[in-house]
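J.: Attaching a single structure in structure tokens format; questions to follow.
The values are calculated or read from the model by the stated rules, or taken from the named source; none is laboratory data. Just so it is clear, the model here is predicted, and its values are computed rather than measured. Every residue, glycine as well, gets a Cβ built from its backbone with ideal geometry; the counts of neighbours run over all protein chains shown.
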Amino acid sequence: MSSIIQSHEVLERLYDLLYGLLELRDRLRQLGLEVLPGGLSDSITLGSVKVKTSFIAMLRRGVIMDVTSVEQAQIAEDAGAVGVMVLDKLPYDVRRSGGVARTADLKVIEEIMRNTSIPVSAKVRIGHFYEAVLLEEVGVDLIDESEVLTPVDEKHHINKWVFKTPFVNGARELCEALRRISEGASMIRSKGEAGTGNVAEAVRHFKEIYSAVRDLTAHAHDEEYLRDYARKCQVQHDLVLLTAKLGRVPVITYAAGGIATPADAALMMWLGADGVFVGSGIFKSKDPENRAKAIVLATSFWDNPEVVVEAQKMVSEKEAMLGIDVKTLKPEELLQVRGL
Amino acid sequence: MTRIGVLALQGDVEEHIYALMKASKTSNLNVEVVEVKKPSQLDSIDGLVIPGGESTTIRYLASYIGLTPKLKAKIEEGIPTLATCAGLVILAKKARDAVLKEPEQSLLGVLNVEVLRNAFGRQKDSFETKLLVEGFGEVKAVFIRAPIVTEVWNPAKPISKLNHPKLGEVIVAVKQENIIGLAFHPELTTTAFHEWLINEAIK
């Protein structure tokens, strides 16, 4: 009998190991930034590993939708989204406009927080510690350190253990996912190829991740194999062992990147996703209200084809975002290779 | 064989299933857990869990698939029910949201309480603590964007109060005959409440 709850203990141990020893903590304290999980009183602890991973557990079987305005956030909430992700531009428009993509306007984020009852997330650039500090101050519920925005650090991701706010990171394969977890991510999503309306890359990444998990599980008692794998991935042996034992990614793992139809969402759930991020797919279509509802239905009822049929009928292929064939993108246009 | 159903539309369904399996192991009772995603799956169950998640999402999905009338009837008939966080909101007769203020439509309206959603604030205000619950002793409790109970009337009774530095003394657990409603998530820290559910279901 195994459950993802068992990973909470391992993550707590990693937290003590990686964060407890860091000089960074002291430096931040000197700057007056209280980043330790502290209490409101002796008995009440905020922002601990348990509190972060527990929030993420509540997102299972849900859909988080990219939005750029209060109106879109309300459409998402009415459609049954479990959260919204606030961006300045949808990934499709990021691709079109070029230039540097940064975190969204704080004022827009705050306005959305005042007008929705569901969790509000926002993206920061890979490695941009201070954008994350700002989002935590503003009070977003989840931070996505995302390759859709322009990375500021080609070598390092943010040390996410020092935040009280949970983080989600993208991954293309298992080693990448485990590295992000070892940096403190509480949640993983596939990278896919954002803003393309083409789910092919998300499928590729999920299959990569889960074939590696099955391989580890098959070697769960081969200590040497697991040790080699941990070395290859540059992550703690504990995490690799845990993954082998659980037979899954040790944190909640959403599908993301190119999901545009109810059938896309159902496909990703069938491939083992715990939920779905939809980026441009909804608000770049011509039928966002219906499409949002239909994707929520298909995500929860993915194992009931009758419902997925009804959901798919709620949208029209003629109204879907046109999409981009990934093969036509130049190597420098790929977002998924940012931040490995 | 006792069968416990977990409403499995959205939320931490797997965590509840795991807690039920653990509880059945420690109490040495034979339990089968079923995921409830359509009305017919309610027929053969002896106990019910309504998990945490987003109450707005669960409300939409339950209405869509036509689960609402049967769920309500089943609970009113007296099936032992454990509702946590969003589950508490779904069962409540009255609900409001701390951010949006306006009253929300209740889904099942079977529990004599008024709840305030997101009462403690956002995720950064979520916390873990120890809590005394009548009949269960001291338990570890995780509150995630949790609601509180602002009003209770007969036959519902408060069974736990929390002293919160910002909100003062607030009700976070209630019992009404066959129902226990909790503002927190026992499935992530203890099996005490799942053992209660299994024992009630066997009776």
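J.: I'd like to know if segment A:97-104 contains one or more residues that are of a type outside the set (Phe, Trp, Tyr), in contact (Cβ under 8 Å) with a residue 12 or more places away in the chain, in a loop (DSSP other than H, G, I, E, B) and under 21 Å from residue B:58 (Cα atoms).
T.: Within segment A:97-104, none of the residues are of a type outside the set (Phe, Trp, Tyr), in contact (Cβ under 8 Å) with a residue 12 or more places away in the chain, in a loop (DSSP other than H, G, I, E, B) and under 21 Å from residue B:58 (Cα atoms).
J.: Just to be sure before I move on: is residue B:103 out of contact with any Ser or Thr (no Cβ under 9 Å at 6 or more places or on another chain), surrounded by fewer than 18 Cβ atoms within 10 Å (Cβ to Cβ), more than 8 Å from chain A (Cβ to nearest Cβ) and within 15 Å of residue B:59 (Cβ to Cβ) in the structure I sent?
T.: Considered against the rule, which asks whether it is out of contact with any Ser or Thr (no Cβ under 9 Å at 6 or more places or on another chain), surrounded by fewer than 18 Cβ atoms within 10 Å (Cβ to Cβ), more than 8 Å from chain A (Cβ to nearest Cβ) and within 15 Å of residue B:59 (Cβ to Cβ), residue B:103 comes out as yes.
J.: Tell me the residue from A:235, A:199 that is within 26 Å of residue A:146 (Cα to Cα) and in contact with a Cys (Cβ under 9 Å, 6 or more places away or on another chain), please. Quick ask: steps written out before the conclusion?
T.: Working: A:199 fails: in contact with a Cys (Cβ under 9 Å, 6 or more places away or on another chain).
Selected residue: A:235, the only one of A:235, A:199 that is within 26 Å of residue A:146 (Cα to Cα) and in contact with a Cys (Cβ under 9 Å, 6 or more places away or on another chain).
J.: Same structure again: I'm checking my understanding of the structure. Among residues of segment B:92-102 that are out of contact with any helix residue (DSSP H, G or I) (no Cβ under 9 Å at 6 or more places or on another chain) and in a loop (DSSP other than H, G, I, E, B), which one is modelled with the highest pLDDT?
T.: B:98
J.: Moving to a separate point now. Got a sec? Which of A:97, A:117, A:146 is under 16 Å from residue A:195 (Cβ atoms) and surrounded by fewer than 24 Cβ atoms within 10 Å (Cβ to Cβ)?
T.: On inspection, the qualifying residue turns out to be A:97.
J.: What is the residue count in segment A:279-299 for residues that are within 14 Å of chain B (Cβ to nearest Cβ) and either over 21 Å from the mean Cα position of the chain (by Cα) or closer than 13 Å to residue A:264 by Cα (or both)? Spell out the reasoning first.
T.: We begin by selecting, within segment A:279-299, every residue within 14 Å of chain B (Cβ to nearest Cβ); these are A:289-290, A:292-299.
Now drop any that are not either over 21 Å from the mean Cα position of the chain (by Cα) or closer than 13 Å to residue A:264 by Cα (or both), which leaves A:289-290, A:292, A:294-299.
The number of residues fulfilling the criteria is 9.
J.: Separate question: Looking only at segment B:28-35, decide whether some residue is within 23 Å of residue B:173 (Cα to Cα), more than 10 Å from chain A (Cβ to nearest Cβ) and touching a residue at least 60 places away in the same chain (Cβ under 8 Å).
T.: no
J.: Could you tell me whether any residue of segment A:79-93 is over 17 Å from residue A:143 (Cα atoms), away from chain B (no Cβ under 11 Å) and touching a residue at least 60 places away in the same chain (Cβ under 8 Å)?
T.: Yes, some residue in segment A:79-93 is over 17 Å from residue A:143 (Cα atoms), away from chain B (no Cβ under 11 Å) and touching a residue at least 60 places away in the same chain (Cβ under 8 Å).
Each row is one residue, and each column tells you yes or no for (1) at pLDDT 95 or above; (2) among the polar types (S, T, N, Q); (3) under 27 Å from residue B:65 (Cβ atoms).
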| residue | (1), (2), (3) |
| --- | --- |
| B:142 | yes, no, no |
| B:147 | yes, no, yes |
| B:160 | yes, yes, no |
| B:187 | yes, no, yes |
| B:197 | yes, no, yes |
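J.: Working only within segment A:1-12, note down all residues that are modelled with pLDDT of 80 or more and either in contact with a strand residue (DSSP E or B) (Cβ under 6 Å, 6 or more places away or on another chain) or loosely packed, with under 14 Cβ neighbours inside 10 Å (or both).
T.: A:9
J.: For the list (1) within 13 Å of the chain's Cα centre (by Cα); (2) part of a helix (DSSP H, G or I); (3) within 14 Å of another protein chain (Cβ to nearest Cβ), I need the number of the one condition that residue B:25 fails.
T.: (1)
J.: Would it be correct to say that residue B:93 is among the basic types (Lys, Arg), more than 18 Å from residue A:59 (Cβ to Cβ) and more than 14 Å from chain A (Cβ to nearest Cβ)?
T.: Values: among the basic types (Lys, Arg): yes; more than 18 Å from residue A:59 (Cβ to Cβ): yes; more than 14 Å from chain A (Cβ to nearest Cβ): yes.
In short, yes.
J.: Scanning for something on the phi < 0 side of the Ramachandran plot, within 11 Å of chain A (Cβ to nearest Cβ) and either in contact (Cβ under 8 Å) with a residue 12 or more places away in the chain or part of a helix (DSSP H, G or I) (or both), does segment B:41-50 turn up at least one residue? Full working, then the answer.
T.: Residues of segment B:41-50 that are on the phi < 0 side of the Ramachandran plot, as a first pass: B:41-50.
Next cut, within 11 Å of chain A (Cβ to nearest Cβ) only: none.
No, segment B:41-50 has no match at all.
J.: Ok, one more. Take the residues of segment A:211-224 that are part of a helix (DSSP H, G or I) and touching a helix residue (DSSP H, G or I) at 6+ places or on another chain (Cβ under 8 Å): which is surrounded by the fewest Cβ atoms within 10 Å (Cβ to Cβ)?
T.: For segment A:211-224, the residue satisfying everything is A:217.
J.: Condition first: buried (at least 21 other Cβ atoms within 10 Å of the Cβ), under 17 Å from residue A:206 (Cβ atoms) and among the hydroxyl-bearing types (Ser, Thr, Tyr). Can you find one or more residues in segment A:261-268 that meet it?
T.: Yes, segment A:261-268 has at least one match.
J.: Something else about it: Go through segment B:1-22 and give me each residue that's at pLDDT 95 or above, part of a strand (DSSP E or B) and either among the aromatic types (Phe, Trp, Tyr) or in contact with an Asp or Glu (Cβ under 8 Å, 6 or more places away or on another chain) (or both).
T.: If the condition is that a residue be at pLDDT 95 or above, part of a strand (DSSP E or B) and either among the aromatic types (Phe, Trp, Tyr) or in contact with an Asp or Glu (Cβ under 8 Å, 6 or more places away or on another chain) (or both), then B:3, B:4, B:5, B:6 are the ones that fit.
J.: If you don't mind, there's one more thing I want to ask. Kindly evaluate residue A:139 against the criterion of being within 14 Å of chain B (Cβ to nearest Cβ), surrounded by fewer than 24 Cβ atoms within 10 Å (Cβ to Cβ) and either in contact (Cβ under 8 Å) with a residue 24 or more places away in the chain or within 19 Å of residue A:170 (Cα to Cα) (or both).
T.: Yes: the conditions hold for residue A:139.
J.: Filter segment A:300-322 down to residues that are hydrophobic (A, V, I, L, M, F, W, C) and in contact (Cβ under 8 Å) with a residue 40 or more places away in the chain and give me whichever is farthest from the other protein chains (Cβ to nearest Cβ).
T.: Here the residue is A:322.
J.: Looking at B:82, B:88, which is the one that is more than 14 Å from chain A (Cβ to nearest Cβ), crowded, with 24+ Cβ neighbours inside 10 Å and touching a residue at least 40 places away in the same chain (Cβ under 8 Å)?
T.: The match here is B:82.
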